[in-house]
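Following: one structure in structure tokens, then a few remarks.
Nothing in this text is a laboratory measurement; each read-out follows from the coordinates by a stated rule. Treat the numbers as computed from the prediction; the structure is a model and nothing was measured. All Cβ positions, even for glycine, are placed from backbone atoms using ideal geometry, and neighbour counts span all protein chains on display.
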Amino acid sequence: MKHALMGCILAASASMAHATEQLNIFTWDGYVNDTEIAAVNALLKEQGYDVQVNLLETVAEGPQQMFDMLRSGDVDVSFLTLNYINMEGSPSANMLQPINVNSPRLENYQHLSTALTDIPMGMKGDQHLYIPWGGGAYGIWANLDTVQDMPTSVKAMLEPEWKGRLSLTDGQVHPNVSLALLALGRSAFEVNDVSGDRAALGALASPDSDLQQTVNALYGQVGHFWSASPPFTGEYDLVASYGVGASAAIAEGGNWGLVPFGEGNTVWLDTINFAKHLEGDKLEAAEIFANHFIGKEVQTRVVEGLGMVASSSVVDANPLIEANPDFFEESMFWPPYTRAAGNAIELISKRATGMSATN
């Protein structure tokens, strides 16, 4: 009896020692699907790894939340937006490890756009903390069924004819202030650019500044502020979106098009990152996962399924890049905002919200 019991204990111990490890993926809603998880798990099994991909139920929401998730230690692979990596106050870079872009398990890396692979805000010296995955523009989308003559500039949206026909976000107000700066003919990120100069920042954020007056005017045009998702219902003719929501509306039969403002559109890039604690087989599994996600099959879904811009050249079509080869123009990339800039933007937006509520 004693020997049988000991045998059971040894068998259980052996089973625990060989338990399949989980590679926990933390990402934005819709970025990783069941078919792709199954495909990567099949690759891992074929190559002898006792590791399985596990998609965390918690979805990405923003820089602070993503930072907190990484800090918990539960995340192995993340999909950080590029400017989140070194954002002041949420230094996610501290919880990431440099990526060996020359790893034999990252053979698809060579096909990535060279415009996206060496962006300083995602690096630590010459070490990469990210792999480009997919991006897009924060822009205004027009209902092509009701808008015959699109505004040719951000400034033109401030004309009386657009009053009440615009929907902006109230959740992440940085893009709204950037729109106002573009309407003034200035850098979309001027608040961040001057945030190291207290006097300059104070002047820019003062109640009587031209920026404050322009944000007031912009908010006065808004018929609806959206929080969770943009309202592509036809009720508003011009709707702000990061692009994914617009693509979903188009896939459902909506007739929406990105307004080609003369000032251009700010752009963003979502990336794949490896947690600092990864090592051994799990790190190699993470590389295999990432390689699949920058391969043709997934990158094609980035374009066709999500309406985003693929980071890889292997896709058959990349419409937003084809329409504008300078889509990822460096000066229009969302930067990692300083805490001072973020506070100033929140203040400017809060004042403008109060003004629009009284009009």
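Computed quantities for the displayed model
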{"quantity": "Amide H contacts of T81 (H built 1.01 Å from N, under 5 Å, at least 5 apart or other chain)", "calculated": "T271"}
{"quantity": "Options L347, V298, F225, ranked by Cα towards positive dipole end of the chain, top entry (Cβ charges)", "calculated": "L347"}
{"quantity": "Proximal lysine pairs, the chain, alpha carbons under 26 Å, eight or more residues apart or interchain", "calculated": "9"}
{"quantity": "HN-Hα J in Hz across the range 89-103 - Karplus 6.51, -1.76, 1.60, θ = phi - 60°, x for Gly and Pro", "calculated": "x, 9, x, 4, 4, 5, 10, 10, 10, x, 9, 7, 5, 9, 4"}
{"quantity": "Interchain or long-range residues, amide H under 5 Å from G134's placed H", "calculated": "D270"}
{"quantity": "Note, ³J(HN,Hα) from phi for the range 57-68, Karplus 6.51, -1.76, 1.60, rounded to Hz, x at Gly and Pro", "calculated": "5, 5, 9, 5, 10, x, x, 5, 5, 5, 4, 4"}
{"quantity": "Calculated [θ] (222 nm, deg cm²/dmol) that DSSP helices of n ≥ 4 give over the chain, each run adding -39,500 (n - 2.57)", "calculated": "-10500 deg cm²/dmol"}
{"quantity": "Stretch gain in nm, segment S229-E304, where the contour uses 0.36 nm per residue and the Cα spacing is subtracted", "calculated": "25.0 nm"}
{"quantity": "Charge context of G122, other residues only, Cβ under 14 angstrom, K/R +1, D/E -1", "calculated": "-3"}
{"quantity": "Signed unit charges on C-beta, dipole axis of the range 276-330, positive-most listed residue A310, A285, I321", "calculated": "A285"}
{"quantity": "Rounded to whole Hz, the Karplus (6.51, -1.76, 1.60) HN-Hα couplings of the range 259-273, x for glycine and proline", "calculated": "6, x, 4, x, 6, x, 10, 5, 10, 9, 9, 9, 10, 10, 9"}
{"quantity": "Cut-off under 5 Å, modelled amide H: who pairs with V267 long-range", "calculated": "Y138, F333, W334"}
{"quantity": "Distance between the range 250-276 and the range 278-305 - C-alpha centres, whole angstrom", "calculated": "21 Å"}
{"quantity": "Farthest positive-ward along the chain dipole, Cα basis, beta-carbon charges - from P151, N94, Q127", "calculated": "N94"}
